[in-house]
Amino acid sequence: MSELEGKVAVVSGGAEGIGFSIALSMAKQGMKVVISDIDAKQLEIARQALEDHGADVLAIEMDVVKIEDWQNLAEQTLAKFGKIHMLVNNAGVGASAGSIEKTNHKDWQWVLDVNLMGVIYGTQTLVPYMKQHGEGGWLINVASMAGMGGVPFAGAYTATKVAVVGMSESWHPELKPHNIQVSVLCPAFVKTRINLSHRNKQDDYKNPPSDSSSSAGLSPKTLAMAEHMQKVIDDGLAPEIVGERVVEAILAKELYIFTHPNYREGVQKRSKAIDDAFARAEKSPLLAHMLDEEVVGFS
Ligand SMILES: NC(=O)c1ccc[n+]([C@@H]2O[C@H](COP(=O)([O-])OP(=O)(O)OC[C@H]3O[C@@H](n4cnc5c(N)ncnc54)[C@H](O)[C@@H]3O)[C@@H](O)[C@H]2O)c1
């Protein structure tokens, strides 16, 4: 019997794509699943599909940027299933690619709110319930390969995903004494509708008439970039594999979950560039006295 069996998982953005795939994989492990999403229609399709697989499901329409929606989700989940053991902070959006000066502030705010604040609100609301029952659990944050290094023309998206990796690294030791295992999923391209994220953009973040989610007013270069992105996503990994990979990795208690081993070399180059920069700092006469100083806050 899997250690996941009978436990309760909450998956944000669970109506489709990677979130749905994770919810399905958890249900196949015998977990009770709560899927939440801003897209009510797609959520109902997903609920039905999970039930068809024999899952015990609760579907909750919500917006991850609204903390009161998280509280409502917690109450509904506890009313139906009694406990919460796993939170998968998956809901996320991809803003249109654009240069520094062309990315508008509403798009920045949208991506920051959904991809970053959504994760913070979800974690702050549900972790206390996960601590309370003392049975331990799992916190799985969905970042991206963009969390492992800067992606040009995607500053807002990259900022949120680097932050999600960083928060996961902070929360991993913090939650260990509570037997809550933290993992951060960092996929490269997966075949989902991420490139059409603006389909569910909340009114508050729309910026007519030059909303960058529409192709009107975009330069040929930006349009070409968007077309290229669409192609690599269409050629991306099947989301079903991502869900199964998450199960495999959490059972192995992995902090970083990778789905694209072909990106290893790129991440190694970044790690080497950082290490080389330390080596130069070590050699600087300005800093020689720092080498014997105590290291604080890093294990
Ligand atoms: N597809 C990829 O190539 C890829 C790569 C790396 C990381 N990711 C990450 O994976 C996660 C899932 O994305 P996906 O690729 O499955 O995309 P998707 O667009 O197929 O699914 C995202 C889901 O999140 C929901 N959602 C969006 N805004 C929401 C909000 N405010 N509140 C609640 N739900 C909301 C959507 O309705 C949708 O069901 C995201 O965090 C994304 O950044 C995706």
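The values are calculated or read from the model by the stated rules, or taken from the named source; none is laboratory data. Just so it is clear, the model here is predicted, and its values are computed rather than measured. Every residue, glycine among them, receives a Cβ derived from its backbone with ideal geometry; neighbour counts consider all protein chains shown. Heads up: the accessible areas ignore ligands, DNA and RNA and are worked out on the full protein's heavy atoms, side chains in. Shrake-Rupley method; radii C 1.70, N 1.55, O 1.52, S 1.80 Å.
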Here, GluC sites (Glu not before Pro) of the range 215-296 satisfying both criteria (DSSP loop; at most 12 other Cβ within 10 Å) are Glu293, Glu294
For the range 8-262 the mean separation of alpha carbon contacts under 8 Å (6+ apart) over residue count, i.e. relative contact order in percent, is 21
Asserting the computed 222 nm helical MRE of the chain (DSSP H runs at least 4 long, -39500 (n - 2.57) per run, divided by residue count, to nearest 500) equals -14500 deg cm²/dmol
Taking protein heavy atoms only, a 1.4 Å probe, and rounding to whole percent, the accessible area of the range 8-262 owed to carbon and sulfur comes out at 55
Descending accessible area (1.4 Å probe), largest on the left, turns Leu185, Leu116 into Leu116, Leu185
With +1 at each Lys and Arg Cβ and -1 at each Asp and Glu Cβ, the charge dipole magnitude of the range 163-299 around its Cα centre, to the nearest 20 debye, comes out at 460
Hydrophobic long helices for the chain, i.e. whole DSSP H runs reaching 27 angstrom or more by Cα along the axis with Kyte-Doolittle mean at least -1.0, come out as 155-175
Taking a probe of 1.4 Å and leaving out DNA, RNA and ligands, the chain shows per residue an accessible area in Å² of 52
Once amide hydrogens are built 1.01 Å from N within the peptide plane, the residues lying 5 or more places from Met31 or on another chain with amide H under 5 Å from its amide H are Gly6
With +1 on the Cβ of every Lys and Arg and -1 on the Cβ of every Asp and Glu, the dipole magnitude of the chain about its Cα centre, in debye rounded to the nearest 20, is 440
